[in-house]
Structure formats: structure tokens, C-alpha cells
Amino acid sequence: MFILPFFVDVAMRRYPVMNVLLILAIIISFFFQLSAEQFIHSDLVLDGASLSGMFGHVFLHADLIHLLGNMIFLWAFGNAICAKVGNIAYIPIFFMLALLAAIIHLVMDGAPAIGASGAINGIVGMFLILFPRNNVACFWFFIFWGGMFRVSSYWMILLWLAFDLWGVVTGEQTVAYWAHIGGLLGGAAVAVVLLKGRFIEPLRTEETLLDIFAANGPEKR
């Protein structure tokens with residue numbers, strides 16, 4: 001069964017210009033890749049600890065399905081995070097998460113990899129910390145059946161994490177699961193640092209994961 005998010009109920013106080021431009025850049029890179037077949041074998045592939053591969057793999061995708069799946073995730077979650085952290089900070093944060101995901105993949109797996117999913121999972125990890133109870137609307141489909149549902153984001157994100165952990169345990173080699181896991185954990189850590197350092201402030205209507213833990217923690221006497 002496939003599950004794809006397409007909408008999150010997060011109020012945005014600014015337009016996520018840089019996320020839109022990032023998505024366009026990745027899409028354009030994919031079609032350039034199609035027109036130049038040797039491009040896929042270039043230094044932009046994540047294959048060893050070269051800086052070009054550790055950042056450039058974000059712009060390469062195996063096929064149209066791979067690209068569309070990643071861009072749908074980036075649209076759904078990236079717009080909210082871009083609007084929250086600001087357009088100026090968003091791109092450096094995105095590529096820092098790409099680097100973290102790449103390092104974890106190289107250490108734990110090491111196989112050549114392409115695709116933006118590690119960095120995108122970092123954005124999803126930030127969303128988990130900043131908007132855990134906001135709803136995410138998803139399409140689901142299985143062979144000839146499909147539909148839509150809404151659920152609190154933390155349930156879906158933890159489900160996706162469980163899929164990645166299962167992929168690691170079962171040894172599935174076609175997906176860079178460690179990049180997903182590294183990105184998610186890295187994004188969560190970045191969001192915590194931004195909140196603790198007061199680089200970003202939640203609105204009065206927003207409840208972060210830190211707020212939830214604080215509310216459920218032991219009372220101080």
C-alpha cells in the first residue's frame with residue numbers, strides 16, 4: 001500500500017518562496033538528467049565522501065515516480081517549515097540536513113545513492129517537533145482501491161520511521177533507509193535547537209513536541 005501526504009493544516013504567515021524554487025530546481029535537474037544520460041554517473045552521485053556527491057545527490061532521481069514521490073513530500077512538509085523558519089534560513093537548513101543524511105548513509109550503508117529523500121526526511125523530522133498534532137491529509141492506494149484520510153502528523157511520521165527501521169532490519173537494498181533515518185533524526189535535533197535557542201517561536205495556537213513533553217512531565221514542587 002502507498003501513502004502520500006498532500007496537505008498539512010499549518011497556518012503560514014509568509015509565502016514559502018525558497019521551497020517552491022527548490023522544488024523547481026530539482027525538477028529541472030531531473031529533466032536535464034534525462035536528456036544527458038551520463039549525468040547520472042557524474043560526481044553528483046553520493047558515492048564516498050566527496051562534497052559534490054554529498055550535496056549533489058539531492059538533484060538526481062532514479063525515475064519519474066521517485067521524483068514525484070519526493071516532491072510531493074517536500075511540497076506538503078517543506079512549505080510549512082520554510083514559512084516557519086523563513087526563506088533566508090530555509091535553504092541552508094535543507095542542505096545541512098542533506099549533509100547529515102548523507103553522512104549517516106555513508107557510515108551505516110555506504111552504497112551509492114541518489115535522491116532528495118534524506119534531506120526531505122530531515123524536513124519531516126523538523127515538522128514532527130514543531131507541529132506534532134497538526135493534521136496531515138494523505139492519499140492511500142492499494143492496487144485498485146484508494147482514498148483519503150487525515151491524522152495527526154506524529155502518527156504518520158512515526159509510521160514512516162517504522163517502515164524505514166523495518167527496511168534496515170530486513171536488509172532491503174533498493175532504498176537508502178539509513179539516509180531517511182539520519183535525516184529524520186537530524187531534522188528533529190535541528191528543530192529542538194532552534195526552539196531552545198529561541199531562533200523560532202511557536203505561535204500561541206501552535207503546540208510543539210517540547211510543549212507536549214513539558215505538559216506531561218512531573219509537576220515541580
Exercise for review: Taking Val58 as the residue in question, decide whether it is modelled with pLDDT of 90 or more, surrounded by 13 or more Cβ atoms within 10 Å (Cβ to Cβ) and over 17 Å from Ala116 (Cα atoms).
Suggested key: no
Revision key, fill the gap. In region 35-46, anything at pLDDT below 90 and either surrounded by 14 or more Cβ atoms within 10 Å (Cβ to Cβ) or under 19 Å from the mean Cα position of the chain (by Cα) (or both) is listed as Phe39, Ile40, Leu44
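Tell me yes or no: at least one residue of region 145-161 is under 15 Å from the mean Cα position of the chain (by Cα), assigned to a loop (DSSP other than H, G, I, E, B) and either at pLDDT 95 or above or surrounded by 13 or more Cβ atoms within 10 Å (Cβ to Cβ) (or both).
Taking every residue of region 145-161 in turn, none turns out to be under 15 Å from the mean Cα position of the chain (by Cα), assigned to a loop (DSSP other than H, G, I, E, B) and either at pLDDT 95 or above or surrounded by 13 or more Cβ atoms within 10 Å (Cβ to Cβ) (or both).
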Practice item. Scan Phe6, Phe2 and give me the residue that is of a type in the set (Phe, Trp, Tyr) and either at pLDDT 85 or above or touching a Pro at 6+ places or on another chain (Cβ under 9 Å) (or both). Key: Phe6
Study note, to complete from the structure: The residue that is surrounded by the fewest Cβ atoms within 10 Å (Cβ to Cβ), considering only those in region 112-127 that are in contact with a His (Cβ under 8 Å, 6 or more places away or on another chain) and not hydroxyl-bearing (Ser, Thr, Tyr), is Ile114
Exercise for review: Answer yes or no as to whether Leu106 is within 23 Å of Ser29 (Cα to Cα) and surrounded by fewer than 24 Cβ atoms within 10 Å (Cβ to Cβ).
Suggested key: no
Review point. Within the set of pairs 6+ apart or on separate chains, which have a first residue in region 51-74 that is in contact (Cβ under 8 Å) with a residue 12 or more places away in the chain, a second that is among the aromatic types (Phe, Trp, Tyr) and assigned to a helix (DSSP H, G or I), and C-beta atoms under 7 Å apart?
Key: Phe55/Phe95; His61/Phe30; Leu67/Phe30
Revision key, fill the gap. Per the filter on region 109-135, residues of a type outside the set (Val, Ile, Thr) and more than 22 Å from Asp43 (Cβ to Cβ) are Asn121, Gly122, Gly125, Met126, Phe127, Leu128, Leu130, Phe131, Pro132, Arg133, Asn134, Asn135
Practice item. Considering each of Gly183, Gly171, Gly197 in turn, give the residue that is of a type outside the set (A, V, I, L, M, F, W, C) and crowded, with 19+ Cβ neighbours inside 10 Å. Key: Gly183
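Need at least 3 residues that are under 17 Å from Gly125 (Cβ atoms) per element, so show me which helices (runs of 4 or more DSSP H) inside region 18-101 make the cut, counting only ones lying wholly within it. So that I can check it myself, show each step before the final result.
On the way: elements: 51-56, 64-73, 79-85.
Counting at least 3 such residues, we get 79-85.
The values are calculated or read from the model by the stated rules, or taken from the named source; none is laboratory data. Since we're looking at a predicted model, the values are computed, not measured. Positions of Cβ are backbone-derived with ideal geometry, glycine not excepted, and every protein chain shown enters the neighbour counts.
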